[in-house]
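Everything below concerns the one structure shown next.
The values are calculated or read from the model by the stated rules, or taken from the named source; none is laboratory data. Keep in mind that this is a model prediction, so the values were computed, not measured. Here the Cβ positions follow ideal geometry from the backbone for every residue, glycine too, while neighbour counts run over all protein chains shown. Accessible surface is based on the protein model in full, side chains and every heavy atom, while ligands, DNA and RNA are left aside. Shrake-Rupley method; radii C 1.70, N 1.55, O 1.52, S 1.80 Å.
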Amino acid sequence: FPADVNAVTYGDPVESPQVEFPEVVPIWVGGKALCTGTLIQQQVVLTAAHCVYGESGPFQISIGATSLNSGSLINVDATWYHPRYDASFNQNDIALLHLKTSANVSRLGVLPNANLKTLGKKFLIVGWGRDQNGSITGKLHRLTLNDQALAARKDFKGAFNPKTMIGAGRYFADEILYGGGCTGDSGGPLYQGAVGASKTIVGLTSFGARGCTVYKPTIFTRVDFYVKKINQGIQ
């Protein structure tokens with residue numbers, strides 16, 4: 001695995017995940033929690049390629065969960081990832097899971113328009129991953145992030161491509177730390193704007209510094225670049 005992102009660091013727990021973010025689901029591989037994904041159709045989950053690539057499965061998601069070990073499991077009967085996914089450089093880190101039965105959730109994530117002109121300056125990361133202490137709290141967490149494209153370019157050099165990626169994080173200047181993604185958040189959504197009501201998925205949690213270090217921003221797959229490819233993948 002590349003430097004995976006686990007869970008939201010310095011995030012706030014979501015008290016009623018099945019009400020606020022029923023579409024944000026934990027993905028289990030071989031019975032272990034691995035990643036986060038977003039339902040964009042009742043039988044289609046959008047996530048990161050590094051969650052799927054090289055994994056034999058079986059894959060499952062859980063819906064209606066208030067904590068990681070609650071909710072009901074749905075089996076995945078097909079997976080797709082970007083044909084040009086490159087694990088060593090984290091390029092084209094995007095994948096889809098097809099569910100055996102409908103999730104019937106009350107809200108779905110929405111794909112942005114292709115080549116979204118402006119991403120905005122504020123984002124919301126939501127994920128089931130680990131916190132800044134490496135613990136799985138079992139709760140869904142969220143955190144408002146800011147655009148960190150400049151810091152991403154500085155920290156990740158040529159590995160950061162602004163055409164296909166978003167750099168974002170919540171910078172705590174006094175502490176010189178970033179809040180963002182960590183292990184288990186991988187593949188989870190970065191929503192447009194800071195308010196919880198937005199359904200537009202502009203990014204997917206892709207990579208960060210190893211071990212969820214909090215000294216660098218988190219890098220997200222830029223979804224608007226891949227809308228056409230996602231729709232092909234769904235077919």
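Values computed for the structure shown
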read-out	value
For the chain, calculated [θ]222 nm from helices alone, where every DSSP H run of n ≥ 4 adds -39500 (n - 2.57)	-2000 deg cm²/dmol
Choice from 159, 48, 95 showing the highest fluctuation, given a GNM over the chain with Cα pairs closer than 10 Å	159
Cα pair distances exceeding 31 angstrom across the chain, given as percent	10 percent
Residue 149 versus residue 121: modelled label distance in nm, points set 7 Å from Cα along the beta carbon direction	1.3 nm
Å² of accessible area per residue within the chain, as computed with a 1.4 Å probe and no ligands counted	43 Å²
Kirkwood-based Rg to Rh ratio, the range 13-153, C-alpha trace	0.95
Karplus-derived HN-Hα couplings along the range 160-168 (A = 6.51, B = -1.76, C = 1.60, θ = phi - 60°), whole Hz, x at Gly and Pro	9, 10, x, 6, 10, 9, 10, x, 8
Accessible area of residue 222 in the full protein assembly, 1.4 Å probe (Å², nearest 10)	40 Å²
Global geometry of the range 57-129, whether rounded, prolate or oblate, following the gyration tensor of its Cα atoms and the 1.5 cut on a/c	oblate
Relative packing of 84-90, 39-45, 200-206, which averages over residues the other C-beta atoms within 10 Å, highest first	200-206, 39-45, 84-90
Listed residues 155, 147, 185, most fluctuating in the chain (Gaussian network, C-alpha, under 10 Å)	155
Greater than 22 Å apart at Cα, pairs in 32/163; 154/199; 117/228; 199/228	32/163; 154/199
Candidates 30, 179, 188: whichever shows maximal mean-square fluctuation once the chain is modelled as a Gaussian network with Cα springs under 10 Å	30
